[in-house]
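The structure appears right after this line, and notes come after that.
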Amino acid sequence: MADTDTGAPPRVVLVVAAVLVVALAAVVAVFALTKNQAPPDENEANGPLPLVAVPAPQAGTPACTTVVSAMPATLTSNGRQLARRTLAQPAPKATVAWGEGDAIVLRCGLDRPPELTQTAELRLINGVQWLQVTEDEAATWYVVDRDVYLALTVPDSAGTGPLQTVSDTVAAKLPAKPLKF
């Protein structure tokens, strides 16, 4: 008998190992290519923000025009700069938004919030009285001491920066008025 044993694994084992290496490389390549792609919802987060219309009978008043046009192009939220967001058409009057995903939304000219009562807990922030109404993962803060009611809806993750900046703008552009219950 001739000695043909070279010490190498059988040919079948080598072929299977090569196929497994190629398959593993293909899986890694597909994973790497798809990992960096954003899901469809995330890509849409940068497009125009659709908002439902809410009753805002005073949205067309000079007070709303003045304060909304004075709002800054960016808001600081937890150290991040949030750019003003384009609103999808038809956009509600006297409304602006900032940020991606769960945007911060300011509306002007709303009806008096029903939660505003003589016993409601108000907060004074930079000279503006606010009423906080908490929702699931956000809060809506109502300006209650001006000629028009404004509402700032912020996600829980936003921090206090946007509220302070909006307060500064409201205080600078709209004079304080006595509360109406």
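The values are calculated or read from the model by the stated rules, or taken from the named source; none is laboratory data. Remember, it's a predicted structure, so these values are computed and weren't measured experimentally. Cβ coordinates were reconstructed from backbone atoms using ideal geometry, including for glycine residues, and neighbour counts include every protein chain displayed. Accessible surface areas use protein heavy atoms only, side chains included; no ligands, DNA or RNA. Shrake-Rupley method; radii C 1.70, N 1.55, O 1.52, S 1.80 Å.
Scanning region 45-84 for residues that are outside any loop (DSSP other than H, G, I, E, B), closer than 24 Å to Val148 by Cα and open to solvent by 30 Å² or more (accessible area, probe 1.4 Å) turns up Pro62, Thr65, Thr66, Ser69, Thr74, Arg84.
None of Val143, Val105 is touching a helix residue (DSSP H, G or I) at 6+ places or on another chain (Cβ under 6 Å) and closer than 23 Å to Ala176 by Cα except Val143. Residues of region 98-115 that are closer than 17 Å to Val52 by Cβ, open to solvent by less than 30 Å² (accessible area, probe 1.4 Å) and within 17 Å of the chain's Cα centre (by Cα): Ala103, Ile104, Val105, Leu106. For region 85-97, a residue qualifies if it is among the basic types (Lys, Arg) and open to solvent by less than 100 Å² (accessible area, probe 1.4 Å), and exactly one does: Arg85. Every condition in (1) assigned to a strand (DSSP E or B); (2) in contact with a strand residue (DSSP E or B) (Cβ under 7 Å, 6 or more places away or on another chain) is met by Ala120 except one, and the failing one is (1). Within region 148-181, the only residue that satisfies the criterion of being over 20 Å from the mean Cα position of the chain (by Cα) and assigned to a strand (DSSP E or B) is Tyr149.
Filtering region 124-147 to residues that are free of Cβ contacts under 8 Å to residues at least 24 places away in the same chain and more than 23 Å from the chain's Cα centre (by Cα) leaves only Leu124.
Taking each residue of region 149-176 that is over 22 Å from Gly60 (Cβ atoms) and looking for partners that are open to solvent by less than 40 Å² (accessible area, probe 1.4 Å) and in a helix (DSSP H, G or I) with beta-carbon atoms closer than 9 Å, six or more apart or interchain, yields Val154/Pro162; Val154/Leu163.
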